[in-house]
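The values are calculated or read from the model by the stated rules, or taken from the named source; none is laboratory data. Not measured: the values here are computed from a predicted model. All Cβ positions, even for glycine, are placed from backbone atoms using ideal geometry, and neighbour counts span all protein chains on display. Note: accessible area is taken over every heavy atom of the protein model, side chains too, but ligands, DNA and RNA are not part of it. Shrake-Rupley method; radii C 1.70, N 1.55, O 1.52, S 1.80 Å.
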Amino acid sequence: MKDGTILIVEDHKEIRDMLEAFLTQHGYEVECACNGKEASACIRDKKYMMVLMDLMLPYKSGDVLIKELREQADTPVICLSAKSGMETRLEVLRMGADDYILKPFDLDEVLVRIEVVLRRSGKLKDNAEMSQSEVLSCVGLLFHIAEKRVEYQGKNIALTSKELQILKLLLEHPSKTFTKANLYESVWNSRYFYEDNTINVHVSNLRNKLKKATGHDYIETVWGIGYRLKEEQPEGVKR
């Protein structure tokens, strides 16, 4: 389990149960509240690692809950809402939310957004506390986590800081397809508002450097979606 509990505040039972099951499966301890009144009692009585909340809630709305929470803690908050207007999104962020996810959402994207916000807030400790001996590996490629160094058959591969971060993300989640927004928000720690060529250029450079050094193509383009590690499954983290 991760170090802390995520509070899910959602009045729609199917969405609430889906989020709870998914986050539990990925190692998070989860509690749930089905309306604003329950959530208010939860945040008054207990400290959470994060609050993942809908905005439109019975008895007490999400904006009121954010205000209450900000009066007593700096707990990260991600809002879920079907309201897509930029003005609404900006207003929620001004109120103190750390991120805003539109419904309907992709569960993998929710997971990445959670990791980004927790990392930014300093609450995601599991990866940061990896020991000096831990290595991510895939088809002969070795990523030394603590040293931020990549090698193949004993030879180092020179990569930029962003390329290293992208590769580490892919190696840590070998079965996940990352959208450009996922990669940008995880690596650049900033909101991805529009399509540009930043991700394409960095992924292309990373792919070419790895191919030149190893003869292997480690990154697969999933057309219309994003990028993932190629089907040759990585060996994971070795100690």
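Pairs of C-alpha atoms in segment 89-202 farther apart than 18 Å represent 57 percent of all such pairs. Highest mobility in the GNM of the chain, judged by mean-square fluctuation with C-alpha springs under 10 Å and restricted to G36, G62, G122, is found for G122. Percent antiparallel among DSSP beta bridges with both residues in the chain, to the nearest 5? For the chain, the DSSP antiparallel bridge percentage is about 55. Helical runs assigned H by DSSP (4 residues or longer) give the chain a calculated mean residue ellipticity at 222 nm of -12000 deg cm²/dmol, each run adding -39500 (n - 2.57) before division by the residue total. In the structure shown, do any of K155/K209; K83/K180; K103/K180; K155/K176 have a Cα-Cα gap over 20 Å, and if so which? In this structure, K83/K180; K155/K176 exceed 20 Å between Cα atoms.
On the principal axes of its alpha carbon atoms, segment 1-51 extends 28, 25, 9 Å, with the longest extent given first.
Were the residues from E68 through K47 laid out at 0.36 nm apart, the gain over their Cα-Cα distance would be 6.3 nm. 3J(HN,Hα) along segment 189-194: 6, 8, 5, 9, 9, 8 Hz, from the Karplus curve 6.51 cos²θ - 1.76 cosθ + 1.60 with θ = phi - 60°, whole Hz, x for Gly and Pro.
Take T5: with every protein chain present and a 1.4 Å probe, its accessible area is about 10 Å². Where does the charge balance sit around R70 when Lys and Arg score +1, Asp and Glu -1, over other residues with C-beta under 14 Å from its C-beta? Within the 14 Å Cβ shell, the charges total -1. Using a cutoff of 8 angstrom between alpha carbon atoms and counting only pairs six or more residues apart, the relative contact order for segment 1-46 works out to 44 percent. Across all directions, the shadow cast by the convex hull of the chain built on its C-alpha atoms averages 13.4 square nanometres. Here, segment 12-149 is characterised by an Rg to Rh ratio of 1.03, where Rg is the alpha-carbon radius of gyration and Rh the Kirkwood radius.
Counting heavy atoms of the protein chains alone, D11 has an accessible area of about 70 Å² for a 1.4 Å probe.
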